[in-house]
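Reviewing the structure listed below.
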Amino acid sequence: MPHHDDGFHAFADESFTSTTASPSIYLMAGLILDPSTVDAVRSEIAALKLPREKKIHWHGDSDERHDRVISTIADISVEGIVLTRIGPDGERDERRRRKTLEPFIQELEQAGCTHLTLESRGIKADHRDRALLDALRAQHLSRTVRLHHQPGPVEPLLAIPDAICGAYNAARNGNPRWWDQLNHAIHQIEINDL
């Protein structure tokens, strides 16, 4: 477990919104925690997992389930970042992810984060994320962030940025019910690459 004098720890997830109002939005949401609170918050979120679930996941859950997850997150008083990137139509998914992850990592570093945990997407995709971080370091655009990948079922804290993405997307689509409970603690950044 990291020492308490380490910087903040971030846990992040991404989402691609495809609405008629914003067809090329890619977003990353990050939960930022002091390392001394990681275990306690992890336990609170893990307690929400239903017996037959592999992991807590926004997509496919009921509104009532969203209410419970968001209420718990709001009670924890989490802080976070949502970075949305508007890109050109037809852009490949990996390019969208990379063009969003680059500034996201820089924002996390400016917020004092030294650890970033992403959900593992497999060996090749995880390697691409690490190569991106190496490129940022070579350009002196990142100095302190260490990147970790975990399977979603192994790291309960990844459910929080997943829920942040879900709440943000619901608000973009006209249902601010969950986002209204979180947005006061979430720093929002929008990048327009059109």
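The values are calculated or read from the model by the stated rules, or taken from the named source; none is laboratory data. Source: prediction; values computed, not measured. We place every Cβ from the backbone using ideal geometry, glycine too, and count neighbours over all the protein chains shown.
Every listed requirement among (1) in a helix (DSSP H, G or I); (2) in contact with a Ser or Thr (Cβ under 9 Å, 6 or more places away or on another chain) is met by Gly152 save one, (1). On the stretch given as the range 83-137, residues that are part of a helix (DSSP H, G or I), of a type in the set (Lys, Arg), in contact with a strand residue (DSSP E or B) (Cβ under 7 Å, 6 or more places away or on another chain) and surrounded by 15 or more Cβ atoms within 10 Å (Cβ to Cβ) total 3.
Of the residues that make up the range 160-171, is at least one modelled with pLDDT under 95 and of a type in the set (Val, Ile, Thr)? So far as the range 160-171 goes, no, none of its residues is modelled with pLDDT under 95 and of a type in the set (Val, Ile, Thr). Considering the range 165-194, and only residues there that are in a helix (DSSP H, G or I) and not hydrophobic (A, V, I, L, M, F, W, C), the residue that is surrounded by the fewest Cβ atoms within 10 Å (Cβ to Cβ) turns out to be His184. Looking at Glu155, Glu102, Glu107, just one residue is acidic (Asp, Glu), over 20 Å from His59 (Cβ atoms) and touching a residue at least 60 places away in the same chain (Cβ under 8 Å), and that residue is Glu107.
Residues that are more than 27 Å from Arg146 (Cα to Cα), under 15 Å from the mean Cα position of the chain (by Cα), surrounded by fewer than 16 Cβ atoms within 10 Å (Cβ to Cβ) and modelled with pLDDT under 95 do not occur anywhere in the range 17-37.
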